[in-house]
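J.: This is the structure I have questions about; it appears just below.
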Amino acid sequence: MKLPQLEPADLADLKPFHLQQRTPLWFYVLREADVLEDGRHLGPVGGRIVAEVIAGLIMGDGQSYLRQNPGWEPTYGTDGSFTTVDLLKAAGVVAVL
């Protein structure tokens, strides 16, 4: 499955600064969110970066479940699956509808 990506026209406004081929990462992530997701959330690159950082922090934490018990899997969720939304609901960060 090919992930959506920005087209050259999406970065055309960077041409006067000679950055259309060497776009700064922070700008690309923001533009990707704007173009591909209407600015509502991160796109594939930005989302992957955030996910990799969170996974790296969990792996680096000697007290995390992942380090203590690498085979651990959540036992609750929706329809036998466990998503980030389930985690946020369990943490009380988002309201349960």
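J.: Return Asp13, Asp38 ranked ascending by Cβ neighbour count within 10 Å, so the fewest neighbours appear first.
T.: Going from sparsest to densest Cβ surroundings: Asp38, Asp13.
J.: Among the trypsin sites (Lys or Arg not before Pro) within the chain, which fall in a DSSP loop and have no more than 13 other Cβ atoms within 10 Å of their own Cβ?
T.: Of the trypsin sites (Lys or Arg not before Pro), the ones in loops of the chain whose Cβ has at most 13 other Cβ atoms within 10 Å are Lys2, Arg22, Arg40.
J.: Measure nothing but the geometry: give the 0 to 90° angle between the long axis through the Cα atoms of 44-60 and the longest principal axis through the Cα atoms of the chain, rounded to 10°.
T.: Rounded to the nearest ten degrees, it is 40.
J.: Summing +1 for each Lys or Arg and -1 for each Asp or Glu, what net charge is found among the other residues whose Cβ lies under 11 Å from the Cβ of Leu6?
T.: After counting each charged neighbour, the total is -3.
J.: I've got another one for you. Going by how many other Cβ atoms sit within 10 Å of their own, how do Thr83, Thr75, Thr23 line up, fewest first? Spell out each step's value before the answer.
T.: On the way: Thr83 11, Thr75 7, Thr23 17.
In order of increasing Cβ crowding within 10 Å: Thr75, Thr83, Thr23.
J.: Using the 10 angstrom Cβ neighbour count as an exposure proxy, how do Phe27, Phe82 rank, fewest first? Working shown, then result.
T.: Values: Phe27 12, Phe82 15.
Listing Phe27, Phe82 from fewest to most nearby Cβ atoms yields Phe27, Phe82.
J.: Quote the relative contact order of the chain in percent (integer), defining contacts as alpha-carbon pairs under 8 Å separated by 6+ residues.
T.: About 14 percent, as a whole number.
J.: Now a separate question. First obtain the Kirkwood hydrodynamic radius of the chain from its Cα pairs, then insert it into the Stokes-Einstein equation at 10 °C and 1.306 mPa s, and state the resulting D in µm² per second as a whole number.
T.: Diffusion coefficient, whole number: 97 µm²/s.
J.: A follow-up question, please. Give the angle, between 0 and 90 degrees and rounded to the nearest 10, that separates the Cα long axis of helix 25-37 from the longest principal axis of the Cα atoms of the chain.
T.: With both axes taken from Cα atoms, the answer is about 80 degrees.
J.: Relative to the present Cα-Cα distance, how much length would full extension add between Gln21 and Ser81 at 0.36 nm per residue of separation?
T.: Answer, rounded to one decimal: 17.6 nm.
Computed from the coordinates by the stated procedures, all read-outs in this text should not be read as laboratory data. Given the structure is predicted, the values throughout are model-derived calculations rather than measurements. Positions of Cβ are backbone-derived with ideal geometry, glycine not excepted, and every protein chain shown enters the neighbour counts.
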